[in-house]
Ligand code: UDP
């Protein structure tokens, strides 16, 4: 049975609203969080927002949110159980039939849209592009309209669209990673299926910022969408986050960072969709030790689709014996297996670099904090994001080339990338560019900034 969070005040229940927004995120942490942050933005304009996901995923995104619960009071959460007749493999991305799982939400979401639509002038459905099939029934409601959200960067869309029509001259990178090398067949079929159904949407919201991807956004709007769909670049959204009291787990990490020199620590994290083998973890550990650079390493397994735990999630046992104690003992670094507040860590003055899988949220967070990146992509849009960082924006170095993806990334490759980023003239220039771009991006969400104008424009459009 579906439940709603009654302990939260719902501003829409007191008086009938002319416009109500329903957010429908994909069931993956970075997508859930992006739509939750977008909910905050919309809600800050006093528009009621209904956030719809599975019971498990709502609980996950709320508990990891850096906005304390009282700041979520205007958001009305709808929790739908995912009742399956057959169990699915638990990991989200490799081989899991994500399409089978999201299908379970179509009927409850349709029922919710029907019931909300009867009390409002306009029902605005804002959904992840990968949830198009889940919201498809909005077309039967005369007062509903939908907007698709791309939680990734625009650059891959731009690159593949222009490569498909042979216009390579306009693409600023060579050696474009093939789609087949980035996505499993099953995942790519899922993406194609969701995109194919996207016909009646009024427009698209992109988790991007004109200060980062301005020209690519323009090309996508004018040539890919042919000016037929409206498009807004609403990122970065993490800048709407308010840091209150740090969690106890984070306090100790921030305390250690406080004691370090400015720009001296490398932060390492591979997001929520990567699990490393013991062999790879050992190479990373050896590479870090060889580099002599201080570090903070978040070593966690990928999120599961069927369970959620914010406790111990990584595997210290896969580290070389004695590594953790040795590093802590020498004050060289620490390995963390819990969920951390990444945005706050990246914003700390002692962080001078980020070794990342180039998930787009990590990229946006790092860029906006002016932190250069050691790019080590794994799959999906990450290989193209990595090229955007290293070859186009020039705010990062490559740990490996995509052509080497089937080879082991050795400790010496890691050592080389870390020292280039953290302790070389080239790294210094990269950091300078990252800091300049970061300053531009931070301005974008302030009043009068390019992103703030996009928010105003989107709200003006849906309340027209
Ligand atoms: N993240 C975090 N703490 C962690 C691990 C990850 O806050 O311990 C956040 C990170 O800040 C980012 C998101 O999780 O916002 C990961 O998204 P990204 O797009 O980088 O990668 P994905 O997990 O989708 O592969």
Against the conditions (1) more than 21 Å from the chain's Cα centre (by Cα); (2) touching a residue at least 24 places away in the same chain (Cβ under 8 Å); (3) within 30 Å of residue 103 (Cα to Cα), where does residue 279 fall short? Just the number, please. (3)
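Results for (1) within 22 Å of the chain's Cα centre (by Cα); (2) within 16 Å of the ligand (Cβ to nearest atom); (3) within 30 Å of residue 120 (Cα to Cα), shown as yes or no for each residue.
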residue	(1), (2), (3)
146	yes, no, yes
150	yes, yes, yes
157	yes, yes, no
162	no, no, no
173	no, no, no
189	yes, no, no
192	yes, no, no
195	yes, no, yes
Condition first: at negative phi and within 23 Å of the chain's Cα centre (by Cα). Now tell me which residues in region 392-429 satisfy that. 392, 393, 395, 396, 397, 398, 399, 400, 401, 402, 405
Any hit, region 244-264, residues being under 19 Å from the mean Cα position of the chain (by Cα) and closer than 23 Å to residue 357 by Cα: no
Considering only residues of region 357-376 that are more than 10 Å from the ligand (Cβ to nearest atom) and part of a loop (DSSP other than H, G, I, E, B), which is nearest to residue 240 (Cα to Cα)? 369
Looking at (1) buried (at least 16 other Cβ atoms within 10 Å of the Cβ); (2) at pLDDT below 95; (3) more than 11 Å from the ligand (Cβ to nearest atom); (4) more than 18 Å from the chain's Cα centre (by Cα), find the lone condition where residue 314 falls short. (3)
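Taking the condition touching a residue at least 12 places away in the same chain (Cβ under 8 Å), on the phi < 0 side of the Ramachandran plot and outside any strand (DSSP E or B), does residue 458 pass? So that I can check it myself, show each step before the final result.
Values: touching a residue at least 12 places away in the same chain (Cβ under 8 Å): yes; on the phi < 0 side of the Ramachandran plot: yes; outside any strand (DSSP E or B): yes.
It is true that residue 458 is touching a residue at least 12 places away in the same chain (Cβ under 8 Å), on the phi < 0 side of the Ramachandran plot and outside any strand (DSSP E or B).
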Flagged in region 2-40 as more than 16 Å from the ligand (Cβ to nearest atom) and either within 13 Å of residue 112 (Cβ to Cβ) or at pLDDT 90 or above (or both), in numbering order, are 2, 3, 4, 12, 18, 19, 20, 21, 22, 23, 24
Of (1) in a helix (DSSP H, G or I); (2) in contact with a helix residue (DSSP H, G or I) (Cβ under 8 Å, 6 or more places away or on another chain), residue 446 satisfies all except one. Which? (1)
Could you figure out which of (1) in contact with a helix residue (DSSP H, G or I) (Cβ under 8 Å, 6 or more places away or on another chain); (2) modelled with pLDDT of 95 or more; (3) away from the ligand (no atom under 16 Å from the Cβ); (4) assigned to a loop (DSSP other than H, G, I, E, B) isn't true of residue 77? (4)
Selection from region 319-351 of residues that are more than 9 Å from the ligand (Cβ to nearest atom), over 11 Å from residue 296 (Cβ atoms) and outside any helix (DSSP H, G or I): 319, 320, 321, 322, 331, 337, 347, 349
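The values are calculated or read from the model by the stated rules, or taken from the named source; none is laboratory data. Since this is a predicted model, take the numbers as computed values, not measurements. Heads up, the Cβs are rebuilt from the backbone with ideal geometry, glycines too, and the neighbour counts pull from every protein chain shown.
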